[in-house]
């Protein structure tokens, strides 16, 4: 059985709220740095970037992290030219399940010695196996550990489905 958890309007509202939260935390920065975890976290990051561009004139730097979920320890890659002059990074993912993807992504980013890393997830499932806490979440959803949540793009319409 499939259940729609979030429809496109709800996802867009959450991304709009994320944009305002990011902007509030970037008052002293000239550039806002967003990194989306591929694939679906990067899709959410692109929506947040679009929302940010509609509310601020600040420069937005969008990049991605790709991680092999079967071998995460040595497989984190970024398309960004990260440097130590960046104050805050905003790391975005779609669904937080066990926290494994987010913790390995953060581990990769920690070697750049940023002043701050803020995490954002669309859906937090509350099944963490790693000591990870997100700073901003769209919704918190307690599910059965065997359930799956997928972010789908059906007919160019984004939705989150529980099955």
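By the beta-carbon count within 10 Å of each Cβ, the least crowded to most crowded order of 9, 124, fewest first, is 9, 124. Working from Cα pairs under 8 Å separated by at least six residues, relative contact order for region 25-163 is 20 percent. Taking 7 Å steps out from each Cα toward its Cβ at residue 17 and residue 38 produces label points 3.0 nm apart.
With both labels modelled 7 Å from their Cα along Cα-to-Cβ, the residue 30 to residue 127 distance reads 4.5 nm. Hey, in the GNM for the chain with a 10 angstrom Cα cutoff, which one of 119, 56, 101 fluctuates hardest? Of 119, 56, 101, the most mobile in the Gaussian network model is 56.
Each label point was placed 7 Å from the Cα along the Cα-to-Cβ direction; for residue 54 and residue 142 their separation is 3.4 nm. Largest GNM mean-square fluctuation among 145, 92, 35, using the chain with Cα springs under 10 Å: 145. Which residue fluctuates most in the GNM of the chain (Cα springs below 10 Å): 117, 67, 27? Comparing 117, 67, 27 in a Gaussian network model of the chain, the most mobile one is 27. Tell me whether region 5-55 comes out rounded, prolate or oblate; compute the Cα gyration tensor, take square roots of the eigenvalues as a ≥ b ≥ c, and use a/c under 1.5 as the rounded threshold. Oblate shape, in that a/c is at least 1.5 and b/c is the bigger or equal ratio.
In terms of its C-alpha gyration tensor, region 71-130 comes out prolate, because a/c is 1.5 or above and the ratio a/b outweighs b/c. Given axes a ≥ b ≥ c from the Cα gyration tensor, I'd like to know whether region 30-163 is rounded (a/c under 1.5), prolate (a/b larger than b/c) or oblate. It is oblate, given that a/c is not under 1.5 and a/b is not larger than b/c. Okay, helix-only estimate at 222 nm for the chain: each DSSP H run of n ≥ 4 adds -39500 (n - 2.57), divide by all residues, round to 500 deg cm²/dmol; what do you get? Rounded to the nearest 500, it is -9000 deg cm²/dmol. Taking a virtual spin label 7 Å from the Cα of residue 69 along the C-beta vector, which residues in region 26-41 bring their backbone nitrogen under 14 Å of it? Residues 37-41 qualify, since their backbone N sits under 14 Å from the label point.
Read-outs throughout are calculated quantities, based only on the coordinates presented, and are distinct from any laboratory measurement. Nothing here was measured: the structure is a model prediction, and the numbers come from that model. We place every Cβ from the backbone using ideal geometry, glycine too, and count neighbours over all the protein chains shown.
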